[in-house]
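The values are calculated or read from the model by the stated rules, or taken from the named source; none is laboratory data. Predicted model only: the values in this text are computed from it and were never measured. With ideal geometry, Cβ positions are generated from the backbone for all residues, glycine too; neighbour counts draw on all protein chains shown.
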Amino acid sequence: MPPFRRVTDEFSVSPQITLEDVAAAADQGFVLIINNRPDGEDPAQASGAEIEAAARAHGLDYLAIPVRGGPSPDQARAQVQAADAADGPVLAYCRSGTRSIVTWALGQAQGGGRDRAELVALGAAAGYDLDGVLG
């Protein structure tokens, strides 16, 4: 199982998850999985449709916001809105977790209620360097 890295009490990120990881996410109380990884980046990765089916089978909501390169402002806003609207903890994933936390952090910086210093500190605590991303 990849590490689910807690960013806040309500938002965590992860490297690519497997179908078995979806069950672990449900057991840990996550209510929404956000997929930030486009299908086909790696032939071995589970497809978004497979992860979605597993999530729904375990009673979790699922949202795909595939990010290629850096996230757009609309993607960042959508990620934060989805996380804020969830009725519990959210798990976002991509290849390494970086796109997921960057997308969320940019959305927070655009008006999600957290300032740059707090976002950089939250990223560092989760093992990600957001200093250069948040300018």
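If the condition is being over 27 Å from Gln108 (Cα atoms), touching a Lys or Arg at 6+ places or on another chain (Cβ under 9 Å) and either assigned to a helix (DSSP H, G or I) or of a type in the set (S, T, N, Q) (or both), then the range 31-79 contributes only Gln45. Among residues of the range 106-135 that are farther than 17 Å from Arg77 by Cβ and among the charged types (D, E, K, R), those with a beta-carbon under 7 Å from a residue that is surrounded by 14 or more Cβ atoms within 10 Å (Cβ to Cβ) and modelled with pLDDT of 95 or more at least six positions away or on a different chain give the pairs Asp129/Gly123; Asp131/Val120. Residues of the range 74-99 that are under 21 Å from Gly29 (Cβ atoms), out of contact with any helix residue (DSSP H, G or I) (no Cβ under 8 Å at 6 or more places or on another chain) and crowded, with 23+ Cβ neighbours inside 10 Å: Gly97 alone. Residues of the range 105-135 that are surrounded by fewer than 17 Cβ atoms within 10 Å (Cβ to Cβ) and within 13 Å of Val7 (Cβ to Cβ): Glu118, Ala121, Ala124, Ala125, Gly127.
Does Ala82 meet the test of being in contact with a strand residue (DSSP E or B) (Cβ under 8 Å, 6 or more places away or on another chain) and either part of a strand (DSSP E or B) or among the polar types (S, T, N, Q) (or both)? Give the steps one after another, and end with the answer.
On the way: in contact with a strand residue (DSSP E or B) (Cβ under 8 Å, 6 or more places away or on another chain): yes; either part of a strand (DSSP E or B) or among the polar types (S, T, N, Q) (or both): no.
Here the answer is no, as Ala82 does not meet what is asked.
Pairing residues of the range 64-88 that are on the phi > 0 side of the Ramachandran plot and at pLDDT below 95 with residues that are buried (at least 18 other Cβ atoms within 10 Å of the Cβ) and of a type in the set (Phe, Trp, Tyr), at Cβ distances under 7 Å and at least 6 apart in sequence or on separate chains, gives no pairs at all.
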